[in-house]
2 protein chains.
Amino acid sequence: VTDEVGYLGPPGSFGEQAALHFSPKGRLLPFPSHTALVAAVRDGAVARGLAAVENSLEGAVSETLDALIQAESVSIAGELVLPVEQNLIAAPGTSLEDIDVVMSHPSALGQCRAFLERMLPQARLEAALSTAAAVMEAVGTPRAAGIGTRRAAELAGGAILAERVQDEALNKTRFLVLAGEDAAPTGTDKTSIAFTVAHDRPGTLIGVLQELSSRSINLTRIESRPARQDIGIYIFLIDFEGHRRDRSVAEALEVVEGKAHYFRLFGSYPRFVEAADKQ
Amino acid sequence: VTDEVGYLGPPGSFGEQAALHFSPKGRLLPFPSHTALVAAVRDGAVARGLAAVENSLEGAVSETLDALIQAESVSIAGELVLPVEQNLIAAPGTSLEDIDVVMSHPSALGQCRAFLERMLPQARLEAALSTAAAVMEAVGTPRAAGIGTRRAAELAGGAILAERVQDEALNKTRFLVLAGEDAAPTGTDKTSIAFTVAHDRPGTLIGVLQELSSRSINLTRIESRPARQDIGIYIFLIDFEGHRRDRSVAEALEVVEGKAHYFRLFGSYPRFVEAADKQ
């Protein structure tokens, strides 16, 4: 059995940072898309996969949700919330005044627009396929800088000219730890399910949610994805507190499964507690 | 006062098709993004704007939802559901065997992958910034075809070599008609609102939804967008049947506004009934 951890590559990406955070000494394997990553967990090509599922500015990562709905044997075994921090990176010895061109993925350039206008108004912007590729290229190019992760700087042998250059300080991504099975109870757990309800009848979604609220189960998230049938037909994905082995959760799951047309239990796993919340 | 109708351009896009469907003789104005389109409605630069809000395969159009949440004076005055149909388009006189290269926006090429592999296995694929730009270029290039709308073929003076070449027959997009005010009651209406509820307390979202179900008001859609504060804090966007001037809806809105931290009424508007449903 493999012990490898899959992530959305290339090396130096935020996905790799999450995988390193989860498994600092693990063997890590990059995948080209979230769909390929989820399939690798399903097929046992990796033991675990770290997949981004939502960002505090951008919202849900639809590709991950859709891939999870498709891959019936993949469970959620954990979660991880990490800050997204962009850095300005160049060859060692480069200073800010030297920079003529800034390279990165277009969305990373967008996230740093105010910084770039303030600090490098003369620099030309150049698009790259990923932040990691941009940093690798910039470190090898005179008078160029790349925007990317601290890890990308390490891999490329670059120096960080400026840290946390993204315009919005509070930018976090939540990752799921995907595996063949979910996790044992810890006392502070979450459970994730997906379901569809009868179309066009008042109160059907609400009827499901009431099975949670009537048992004092706290809903932490609700997302909908198209059921790929017609406008107005959705698969709902919900997260709530508690473990599927807790009596009240087990009861609620049984009733919800009975009410739903389609029902899928992704599993129960320890709730991520951020460092600041631990103090 | 302008009577122009704004849409997501360029001319020949699905946005223009929707705008033409809504206002066949109207003066239409393209915008480069949904954010710019919503801002143009807010500022009165156009009387109405047609903005894509969800697709039956891709799900919600986050940019439209976020722009609507930001633009406080913009209302929803209607909706429109249109099929997404891709066509293979080339210079008149071109036949399938002549085609060496197929140009389109990468997502349109992706939507037609099975067709292209079956019918044009030898053709090279070339990315363009929009389907409309691809069709315009392809019609002017020997041995090239573009994938795009019927309207793009008209604008470019091209011939349609094959219709409905997308792999999934059922692909529809719902558009909102945005305006300075919402619409009068017709008897078959919908109402859209956005709100946030107290964080981390069981039953708060459910409490809001119960105000609808207890009045037999049918929820037709629920979406969440990040409140841009932290992971786990959301703005909910819901659509339900009925007009804000209906007594039960007016009552529910009053109670929900009282329960919500943030509350926004986008307005009430006639529910779109598809041609097939009318028979």
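The values are calculated or read from the model by the stated rules, or taken from the named source; none is laboratory data. Predicted model, so just to flag it, every value in this text is computed and none were measured. Virtual Cβ from ideal backbone geometry, glycine too; neighbours counted across all protein chains shown. Surface areas here come from the heavy atoms of the whole protein model, side chains and all, with no ligands, DNA or RNA. Shrake-Rupley method; radii C 1.70, N 1.55, O 1.52, S 1.80 Å.
Dipole check for the stretch B:142-207: with +1 at the C-beta of Lys and Arg, -1 at the C-beta of Asp and Glu, and the Cα centre as origin, the magnitude is about 220 Debye. Copy-to-copy label distances for B:Glu117, where each label lies 7 Å from Cα along Cα-to-Cβ, are 4.5 nm in order of increasing length. Between the amide H of B:Arg221 and those of B:Asp239, distances stay under 5 Å, these residues lying 5 or more places away or on another chain, with hydrogens modeled in the peptide plane. Put the Cα centre of the stretch B:20-96 next to the Cα centre of the stretch B:147-211 and the gap is 9 Å.
Taking 2.2 N^0.38 Å as the expected size of a compact globular protein, what ratio does the Cα radius of gyration of chain B give against it, to two decimals? Let's see the in-between values first.
Values: Rg = 21.2 Å, N = 279, 2.2 N^0.38 = 18.7 Å.
Normalised Rg, Cα atoms only: 1.13.
For A:Gly26, the label point sits 7 Å beyond Cα toward Cβ; its separations from the matching points on the remaining copies run 5.1 nm, from shortest to longest. Of B:Thr35, B:Thr220, the residue with the largest accessible area leads and the full order is B:Thr35, B:Thr220 (1.4 Å probe).
Quick one: plug the Kirkwood hydrodynamic radius of the protein assembly as shown (C-alpha pairs) into Stokes-Einstein at 20 °C, 1.002 mPa s, and report D in µm²/s. In µm²/s, the coefficient is 84. Looking at the P(r) of the stretch B:90-145, how many percent of alpha-carbon pairs lie beyond 14 Å? Tail of the P(r) past 14 Å holds 48 percent of the pairs. Springs between Cα atoms under 10 Å define the GNM used for chain A, and in it the highest mean-square fluctuation of A:Gly146, A:Gly267, A:Gly93 occurs at A:Gly93. In a DSSP loop and with at most 15 other Cβ atoms within 10 Å, the GluC sites (Glu not before Pro) in the stretch A:172-263 are A:Glu181.
Once you order the gyration tensor axes a ≥ b ≥ c over the Cα atoms, which shape class does the stretch B:112-173 get: rounded for a/c under 1.5, otherwise prolate or oblate by comparing a/b with b/c? Verdict is oblate for the stretch B:112-173.
Placing +1 on the Cβ of every Lys and Arg and -1 on the Cβ of every Asp and Glu, with nothing else charged, gives the stretch A:120-173 a dipole about its Cα centre of roughly 60 debye. Taking the Cα centre of chain B as origin and assigning +1 to Lys and Arg Cβ atoms and -1 to Asp and Glu Cβ atoms, the resulting dipole is close to 260 debye. Placing unit charges on each Cβ (+1 for Lys and Arg, -1 for Asp and Glu) gives chain B a dipole about its Cα centre, and among B:Asn171, B:Ser268, B:Leu155 the Cα reaching farthest toward its positive end belongs to B:Ser268. In this structure, the pairs whose alpha-carbon distance is over 28 Å, taken from A:Lys190/B:Lys172; B:Lys172/B:Lys259; A:Lys259/B:Lys190; A:Lys172/B:Lys172; A:Lys190/B:Lys259, are A:Lys190/B:Lys172; B:Lys172/B:Lys259; A:Lys172/B:Lys172.
Per-residue Karplus couplings for the stretch A:113-122, computed as 6.51 cos²θ - 1.76 cosθ + 1.60 with θ equal to phi - 60°, are listed in order as 4, 5, 4, 5, 5, 6, 9, 9, x, 7 Hz, Gly and Pro entered as x. Taking B:Met119, A:Met136, A:Met103 and ordering them by how much accessible surface each has at a 1.4 Å probe, largest first, produces A:Met136, B:Met119, A:Met103.
With K and R counted +1 and D and E -1, the other residues having a Cβ less than 10 Å from that of B:Arg271 yield a net charge of -3. Full extension of the chain segment joining B:Ser248 with B:Asp43 gains 70.5 nm, where the gain is 0.36 nm per residue of separation less the Cα-Cα distance. Within the stretch B:41-159, the percentage of alpha carbon pairs spaced more than 25 angstrom apart rounds to 37%. Put simply, the amide H of B:Asn171, placed in the peptide plane, has neighbours under 5 Å in B:Val84, leaving out anything fewer than 5 places away on its chain.
Label-point spacing for A:Asp167 across the identical copies (point 7 Å from Cα in the Cβ direction), in nm and ascending order: 3.6. If one puts a single equal scatterer on every Cα of the stretch A:128-253 and applies the Debye formula without solvent, what log₁₀ I(q)/I(0) results at q = 0.20 Å⁻¹? So the normalised log intensities work out to -1.09. Full extension of the chain between B:Asp98 and B:Arg228 yields a length gain of 41.7 nm, computed as 0.36 nm times the residue separation minus the alpha carbon distance.
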